[in-house]
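Rule-based calculations on the coordinates, nothing more; no lab input. As the structure is a computational prediction, the values presented were derived from the model and not from experiment. Cβ: placed from backbone, ideal geometry, glycine included. Neighbour counts: every protein chain shown.
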Amino acid sequence: MSVPAVDLTVCPDRLESDLGALAQLVETDHPGWTRTALGPVDREARELVRRWMADVGLETSVDGAGNLFGRLRGTGSGGHSLMVGSHTDSVIGGGRFDGIVGVVGALEAVRVLRESGRQLEHDLVVVDFFNEEPNEFGLSCVGSRAMVGELTGDHLGLRDDQGRTLADALEGVGIDPAGALGAGYDFSGVDTFLELHIEQGPYLEAQGSQVGLVESITGISRFRALFTGQADHAGTAPMDRRRDAGCAAAGTVLAVERIAAEGDHTKGTSGQVTFTPAAVNVVTAHAEFRGEFRGPEGEWLRHAQERLTAAAGEEGHRRGVDVEVDWLPLQEPAPMSDPVLATLTEVVDGLGLTSSRLFSGAEHDAAVLARRVPTGMLFVPSRDGRSHCPEEWTDLADVTAGVTALTQALIALDRRGKP
Ligand SMILES: [Zn+2]
């Protein structure tokens, strides 16, 4: 079944102009488009978005965690709302489209609705979430976490390489840490949350699809592995008597790759590998690395944890190397709401857009919101699947199609009420 599209026109020129204006506000000491949430430019970008919100007739507000809201009052008296948005911060050396497509797209949806003279029954709340990308304290989705009441004092005490706490960094950008902890949002009247985002992967392009309908967002399981062996002379220590922590770590890195390759849509990555002493002629005494698994099934992630812990133990055992693997709290996969996904599918079909259902291997604010609100997510294609790099690109026609689907979906959801 498809929903007949309502007659309205999204304006590509406005989208291009807004995307271009935000692309100007970047930290120039990095390549690509860098707008880190705790850096010097993000505040300016958010102030620009706040002005745009006010210009299109939204009542703006900022909560204690730095999340920016713009509310368009609906005609209904029930206090029900639809929420839509994404983020404007970026990773260091990131691209032009990640996050901002969903914010600029939501604003364009408001403009188009107003121009059409159509009033929604629901309030429409546009959100620019604060600090979605992982910051230098290793925390992502700071704003959306705060909204669902999952930002904690432990999070605020996280330290960066310089020993500075997240609380200090928040104060540095004008956010009171106590206010951030108290920024829980009352979701009781929120019927649906929608996020439009670039895919950041190659699937839609390969399928020739204009729009992606997200079925679920990845779970993530991160760990730190420590290997303790013994430093020895590289020329004299016999191979069969070495306690080489580096080799045990290397074997474990390969186990991450092997385990992830055996799953369905699963990923495994090892980063931040350190050998000490880092000398060409010394057997490695200490090795440390951090890695992660991602996948659509929580059960698979738990199984991968067991397998990797066992593999690391084996790699250590046969070399006389002590091994310690610490797992961070597992972030469960976030299935999107079935009724919302059904509505998005009908809307996209009604517009005659080509689409594919897919799983998101990247994390998003939508995964956090999905724990509290029926949530849906739309993707638009990324050229060559590239993202988090300066080459990140989505054609304006694809952005326009995504924003059109988003706008039509808001109208359809407004009619249907709570899924
Ligand atoms: Zn993003």
Quiz item: Once you sort the root eigenvalues of the Cα gyration tensor of region 93-138 as a ≥ b ≥ c, which label holds: rounded (a/c under 1.5), prolate (a/b larger than b/c) or oblate (the other case)?
Solution: oblate
Quiz item: For the charge dipole of region 175-236, defined by +1 on Lys and Arg C-beta atoms and -1 on Asp and Glu C-beta atoms about the Cα centroid, which residue among T236, G201, A180 has the Cα displaced farthest towards the positive pole?
Solution: T236
Practice problem: Can you put T266, T407, T165, T9 in order of Cβ neighbours within 10 angstrom, beginning with the fewest? | Solution: T9, T165, T266, T407
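Rounded to the nearest 20 debye, what is the charge dipole size of region 48-130 about its Cα centre when +1 sits on each Lys and Arg Cβ and -1 on each Asp and Glu Cβ?
Values: 8 positive and 10 negative charges, 38 e Å.
Using only the charged Cβ atoms, the result is roughly 180 debye.
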Quiz item: Fewest to most neighbouring Cβ within 10 Å: what's the order for S17, S387?
Solution: S17, S387
Practice problem: Add +1 for every Lys or Arg and -1 for every Asp or Glu among the other residues with Cβ under 10 Å from the Cβ of L226, and state the total. | Solution: -3
Quiz item: Peptides 136-149, 366-379, 234-247: what's the order by average Cβ count within 10 Å, highest mean first?
Solution: 366-379, 136-149, 234-247
Quiz item: How would you rank 37-49, 252-264, highest first, on the average number of other Cβ atoms within 10 Å across their residues?
Solution: 37-49, 252-264
Quiz prompt | Farthest toward positive dipole pole in region 238-286 [+1 Lys/Arg, -1 Asp/Glu at C-beta], among V253, A285, S270 | solution = A285
Quiz item: Quick one: net charge of T345's neighbours, Cβ under 14 Å, K/R +1, D/E -1?
Solution: -2
Quiz item: For region 324-334, in order, what is each residue's ³J(HN,Hα) by Karplus, 6.51 cos²θ - 1.76 cosθ + 1.60 with θ = phi - 60°, in whole Hz (x at glycine and Pro)?
Solution: 9, 10, 10, 9, 6, x, 6, 8, 5, x, 10
Practice problem: Would you mind giving the average projected area, over all directions, of the Cα convex hull of the chain in nm² with one decimal? | Solution: 21.0
Practice problem: Provide the per-residue ³J(HN,Hα) series for region 96-113, in order, calculated from phi with Karplus coefficients 6.51, -1.76, 1.60 and θ = phi - 60°, each as a whole number of Hz, with x at glycine and proline positions. | Solution: 7, 10, 4, x, 5, 4, x, 7, 4, x, 5, 5, 5, 4, 5, 4, 5, 4
Quiz item: How much net charge surrounds L301 when only other residues with a Cβ under 13 Å from its Cβ are counted (Lys, Arg +1; Asp, Glu -1)?
Solution: -1
Quiz item: Using only the Cα atoms of region 220-327, what do you get for the radius of gyration and for Dmax, in Å?
Solution: 14.4, 48
Exercise. With runs of 4+ DSSP H residues as the only contributors, calculate the mean residue ellipticity of the chain at 222 nm using -39,500 (n - 2.57) per run, divided by the residue total and rounded to the nearest 500.
Key: -10500 deg cm²/dmol
Exercise. Go ahead and run the numbers for FRET between D154 and E324, Cβ-Cβ distance against an R0 of 22 Å, rounding to 0.05.
Key: 0.60
Quiz item: Residue-wise, which Karplus ³J(HN,Hα) couplings in Hz belong to region 52-57, taking 6.51 cos²θ - 1.76 cosθ + 1.60, θ = phi - 60°, and x for glycine or proline?
Solution: 4, 4, 4, 4, 8, x
Quiz item: Taking the alpha-carbon centroid of each part, what is the distance from region 203-281 to region 365-393 in angstrom?
Solution: 25
Quiz item: In whole percent, what relative contact order does the chain give with Cα contacts below 8 Å and a gap of six or more residues?
Solution: 23
